[in-house]
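Each remark here refers to the structure printed beneath this line.
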Amino acid sequence: MNKRLLHAILIATVIVIIASCSDRLDMEDATHALLVGFDLDKENELILYSTSPVFSKNVEKKTRELRVKPQTNRQSRGKQDSYTEGVFQGRSIQVLLLSKRILQQENWFQLTDVWFRDPKNPLTPRIIAFDGPLSEIIYLNPKDQPMLPILLREMVETKNARSETVKTTLQGLHQQIREKGVTPIISEVRLKDKQIAITGTTLLDHKGKYADSLNMQETILLRILQKNTKKSVNLTIPIPGEMKIGPFHTDKVSLNADEIKVKIKTSFLKDKFQFHMHITMRVGLSELLFPFDVRSQGKELENKITEQVQMNFENLIKKIQTDKIDPIGLGLYAQAHEYSHFKKVEDHWGETLANADIHVSVKTIIGAMGTVK
Amino acid sequence: MKKYAYNEITSMQYIFLNSGIQVSVFFLAMPGKLAEKAGTDGWIALIIGWAITVAASLIVIQVMKKHPEGTLFDLIARYLGKWAGRVAAIFFALYLFYYAYTGLVEAVLLTKAWLLPQTSASTVMLLLLIPTYVIARNGLRVLGRYAELVYMISLWIPFVYLFPLKDAHWLNMVPLLKEGWKPVFSAVPTTFFSYIGFATTFILYPFLKNKQKASSAILISDTLTMLGYLFITVICFVYYSPDEIQKYNEPVVNILEAIEFNFVERMEVLFIAFFLLIFSLAWIPTIYMGVFCTSWLLGKQDHRNHLRILWLITALSTFFFIPTFNQNDRMNDFLIQIGIGIEYVFPGCLLVYLWVQDRFQWGKRL
């Protein structure tokens with residue numbers, strides 16, 4: 001009898017407890033934003049865009065775009081709620097789009113605090129810079145493409161696999177901004193004749209401010225220096241001395257580089273950091289637009305390619321040094337090998353790197369010429 | 001006479017029990033705390049802390065060898081008189097209750113922060129306390145089996161932590177000893193946080209089936225704890241930059257947010273839920289041993305009534321008061337201070353005293 005009573009009490013307690021679990025959300029009460037965009041208007045006031053999918057039979061358009069003017073990121077949620085039938089949810093954000101005007105500000109990164117502080121939010125949205133006001137791309141909705149968040153996400157995913165852009169997530173950006181020996185690098189999207197295109201990467205400085213843009217080829221080179229290439233990479237380079245015939249760029253050769261080895265040596269000499277980078281690439285020819293006897297004069301072509309690739313690397317490094325940034329992460333090497341010297345300059349590492357001596361030496365080996373001579 | 005024979009535990013169960021108490025809730029914050037003190041050299045402090053802990057736990061075993069058939073209190077009662085034994089039992093009970101309560105509160109706060117932000121703390125506490133009672137009322141053998149089970153089903157966790165390694169920066173780890181030995185040594189007391197709990201051997205020892213293996217068992221158990229901590233600390237250090245890691249309260253959880261599978265979002269939430277099983281090893285055995293102490297005090301064999309009273313007090317108190325994160329931090333700091341006293345200093349003093357007494361046969365009371 002006593003035992004029965006005990007069981008009854010136990011069951012009653014459990015029922016009461018389970019019923020009082022208040023953390024549930026019904027699907028139809030939620031609006032899941034897949035994309036969030038930050039922009040500034042002409043008066044430098046924050047505008048927040050979002051794109052969320054609409055699950056309804058009678059609605060023709062598959063997505064809903066919202067534009068609100070909140071003071072903070074978290075505050076925007078309330079404002080967006082007033083336009084939607086559900087409660088605005090941040091937990092499935094896939095893409096964070098940043099306009100150039102935002103990136104021209106310092107400390108915009110502070111806006112993302114809510115995503116780090118509130119653990120309900122994911123830290124995996126891809127960060128993408130857009131060259132222009134966001135209203136152009138958000139409302140574009142081309143009929144022949146998937147919805148914008150999915151399109152952008154997949155673009156970053158696939159181009160990242162080919163090293164043509166980077167996949168920087170919110171967490172990754174946080175790491176790159178906090179780390180003193182490296183500056184952030186994010187994907188870049190532009191509108192070209194009303195078509196959305198990934199054009200490479202945007203480089204930011206230590207404070208998250210816009211510094212420069214890289215096209216796809218430069219991005220590939222940068223990722224080689226970062227030792228961060230996936231699979232093989234494609235490069236197309238001009239060979240000087242070859243004729244350009246007609247409207248076609250017949251002086252070009254395309255390479256397929258794999259087995260890329262990068263060695264970076266760090267030293268500190270004469271009050272300057274010295275970096276020596278040795279890059280060894282095994283390349284396969286994938287396209288040759290001028291007549292050349294690769295079989296007999298392969299060595300000559302190899303030298304020309306080496307020279308060109310080396311020049312490309314040097315230009316890239318020059319660009320980085322003029323911008324006073326360090327997307328390669330040479331600061332990490334400096335910290336690892338010359339700790340005491342690095343510690344003194346870590347707070348203005350970009351400027352220090354601008355004065356450093358960086359030498360690149362490239363060695364390319366033609367490993368394959370393809371199926372034709 | 002074997003007083004505790006009906007509840008013997010195997011060496012394996014002992015290893016997991018001890019290691020489980022050591023790992024506990026503080027596991028999540030450890031890499032961040034180490035980085036605060038010693039930067040990326042914090043892992044060296046972990047190894048030093050381990051060496052000290054091994055020494056201290058071997059001392060505990062040596063002490064217990066003097067009176068293998070009883071707990072610490074039986075031993076103290078024999079050497080120092082009945083009242084000394086009682087005082088020791090009271091202190092130990094208080095320490096163990098405090099240990100359990102701190103662990104429980106931390107688990108509740110974590111669950112609320114990561115899993116159920118809108119559910120009240122007292123509800124979460126009740127949800128945690130129900131299985132606690134179910135397991136703790138059964139005695140040590142069941143506890144040992146529970147510890148074994150939790151360890152076995154947690155074996156896959158380290159493999160998931162290898163995923164973030166693809167974004168790791170191994171260069172963060174060099175140069176070794178960036179700022180010299182000083183910060184490393186200053187971090188050693190922090191590492192004791194990860195090791196305290198081995199003093200439960202004082203109570204567990206008489207239950208051991210195989211007492212000859214006690215020394216090696218505790219050595220294995222400490223090493224297991226050390227390897228776990230070392231693993232997670234190194235992973236956090238190479239994944240986060242040395243400055244960034246200090247920005248997170250629980251870097252061990254945050255690191256999981258980076259993992260992305262197409263079929264599941266927000267991995268870390270699943271983990272927190274699973275971690276609760278591991279964390280439970282911090283408070284279930286300590287609660288059990290706490291009530292064991294009080295039962296010993298009153299000379300009773302059955303600990304369940306005490307457990308029920310304690311359970312009710314804990315459950316009811318959460319309706320009125322639950323510490324905040326900051327208060328919990330202070331509770332942790334206090335815990336480590338008394339922990340160092342009870343687990344590192346006290347056994348050493350006791351051993352010296354026992355040795356002196358045996359040697360000169362001052363007290364021939366026996």
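Pick from A:Glu242, A:Glu287, A:Glu218: which is among the charged types (D, E, K, R), surrounded by 14 or more Cβ atoms within 10 Å (Cβ to Cβ) and not in a loop (DSSP other than H, G, I, E, B)? Give the steps one after another, and end with the answer.
Details: A:Glu242 fails: not in a loop (DSSP other than H, G, I, E, B); A:Glu287 fails: surrounded by 14 or more Cβ atoms within 10 Å (Cβ to Cβ).
Exactly one of A:Glu242, A:Glu287, A:Glu218 is among the charged types (D, E, K, R), surrounded by 14 or more Cβ atoms within 10 Å (Cβ to Cβ) and not in a loop (DSSP other than H, G, I, E, B), namely A:Glu218.
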> Which condition does A:Thr51 not pass, out of (1) crowded, with 20+ Cβ neighbours inside 10 Å; (2) among the polar types (S, T, N, Q); (3) within 14 Å of another protein chain (Cβ to nearest Cβ), if it passes all the others?
Replying inline: (3)
>> Of everything in region A:348-373, what is over 24 Å from the mean Cα position of the chain (by Cα) and part of a helix (DSSP H, G or I)? Give them in sequence order.
In response: A:Thr352, A:Asn355
>> Let me spell it out: the conditions are (1) in a loop (DSSP other than H, G, I, E, B); (2) loosely packed, with under 15 Cβ neighbours inside 10 Å, and A:Glu28 meets all of them except one. Which number is the exception?
In response: (1)
>> Let me confirm something: among A:Leu148, A:Leu96, which residue is closer than 23 Å to B:Met267 by Cβ, open to solvent by less than 30 Å² (accessible area, probe 1.4 Å) and away from every other protein chain (no Cβ under 14 Å)?
In response: A:Leu96
>> If I ask for residues that are open to solvent by 80 Å² or more (accessible area, probe 1.4 Å) and under 28 Å from B:Phe271 (Cα atoms), which ones from region B:163-192 would you list?
In response: B:Phe163, B:Lys166, B:Trp170
> Taking region B:206-227 as the region of interest, how many residues are polar (S, T, N, Q) and under 13 Å from B:Lys65 (Cβ atoms)?
Replying inline: 2
>> Out of everything in region B:133-149 that is within 14 Å of chain A (Cβ to nearest Cβ) and either of a type in the set (A, V, I, L, M) or out of contact with any Phe, Trp or Tyr (no Cβ under 6 Å at 6 or more places or on another chain) (or both), what residue ends up being least open to solvent (accessible area, probe 1.4 Å)?
In response: B:Val134
>> Scan region A:356-364 and tell me whether some residue there is modelled with pLDDT under 90 and within 14 Å of chain B (Cβ to nearest Cβ).
In response: no
>> Can you list the strands (runs of 3 or more DSSP E) lying wholly within region A:76-170 that have 3 or more residues being not polar (S, T, N, Q)?
In response: A:95-99, A:126-130
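Residue-by-condition table, conditions (1) on the phi < 0 side of the Ramachandran plot; (2) open to solvent by 10 Å² or more (accessible area, probe 1.4 Å); (3) over 14 Å from the mean Cα position of the chain (by Cα); (4) charged (D, E, K, R):
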{"site": "B:Thr223", "(1), (2), (3), (4)": "yes, yes, no, no"}
{"site": "B:Asp243", "(1), (2), (3), (4)": "yes, yes, yes, yes"}
{"site": "B:Glu250", "(1), (2), (3), (4)": "yes, yes, yes, yes"}
{"site": "B:Ile259", "(1), (2), (3), (4)": "yes, yes, yes, no"}
{"site": "B:Asn262", "(1), (2), (3), (4)": "yes, yes, yes, no"}
{"site": "B:Leu270", "(1), (2), (3), (4)": "yes, yes, yes, no"}
> Does B:Val142 fit the bill of being over 30 Å from A:Tyr339 (Cβ atoms), in contact (Cβ under 8 Å) with a residue 12 or more places away in the chain and assigned to a helix (DSSP H, G or I)?
Replying inline: no
> Of all residues in region B:334-348, which are open to solvent by less than 80 Å² (accessible area, probe 1.4 Å), out of contact with any Ser or Thr (no Cβ under 9 Å at 6 or more places or on another chain) and not β-branched (Val, Ile, Thr)?
Replying inline: B:Gly339, B:Gly341, B:Phe346, B:Gly348
>> Out of everything in region A:54-93 that is touching a residue at least 60 places away in the same chain (Cβ under 8 Å) and touching an Asp or Glu at 6+ places or on another chain (Cβ under 7 Å), what residue ends up being most open to solvent (accessible area, probe 1.4 Å)?
In response: A:Val87
>> Among the residues in region B:293-307, are any open to solvent by 30 Å² or more (accessible area, probe 1.4 Å), in a helix (DSSP H, G or I) and within 14 Å of another protein chain (Cβ to nearest Cβ)?
In response: yes
>> What's the number of the only condition in (1) at pLDDT 85 or above; (2) within 14 Å of chain A (Cβ to nearest Cβ) that B:Leu281 fails to meet?
In response: (2)
>> Can you tell me which of (1) in a helix (DSSP H, G or I); (2) at pLDDT 85 or above is the one A:Ile325 doesn't meet?
In response: (1)
>> Looking at region A:261-284 only, could you name the residues that are under 21 Å from A:Ile317 (Cα atoms), open to solvent by less than 40 Å² (accessible area, probe 1.4 Å) and among the hydrophobic types (A, V, I, L, M, F, W, C)?
In response: A:Val262, A:Ile264, A:Phe273, A:Phe275, A:Met277, A:Ile279, A:Met281
>> When you check A:Gln176 against the structure, is it within 23 Å of B:Lys247 (Cα to Cα), touching a Phe, Trp or Tyr at 6+ places or on another chain (Cβ under 9 Å), assigned to a helix (DSSP H, G or I) and among the polar types (S, T, N, Q), yes or no?
In response: no
>> If I ask for residues that are within 20 Å of the chain's Cα centre (by Cα) and either open to solvent by 20 Å² or more (accessible area, probe 1.4 Å) or away from chain A (no Cβ under 14 Å) (or both), which ones from region B:118-131 would you list?
In response: B:Leu128, B:Pro131
>> What pairs come out if I take residues in region B:234-245 that are closer than 18 Å to B:Ala45 by Cβ and more than 8 Å from chain A (Cβ to nearest Cβ) and pair them with residues that are part of a loop (DSSP other than H, G, I, E, B) and among the β-branched types (Val, Ile, Thr) whose C-beta lies under 6 Å away, six or more apart or interchain?
In response: none
> Can you name every residue in region B:96-117 that is of a type in the set (Phe, Trp, Tyr) and open to solvent by 10 Å² or more (accessible area, probe 1.4 Å)?
Replying inline: B:Phe97, B:Tyr98, B:Tyr101, B:Trp114
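The values are calculated or read from the model by the stated rules, or taken from the named source; none is laboratory data. From a predicted model like this one, the values you see are computed outputs, not experimental measurements. Because the Cβ atoms are built from the backbone with ideal geometry, glycine has one as well, and the counts that use them run over all protein chains shown. Remember, those area values only see protein heavy atoms, side chains included, never the ligands or the DNA or RNA. Shrake-Rupley method; radii C 1.70, N 1.55, O 1.52, S 1.80 Å.
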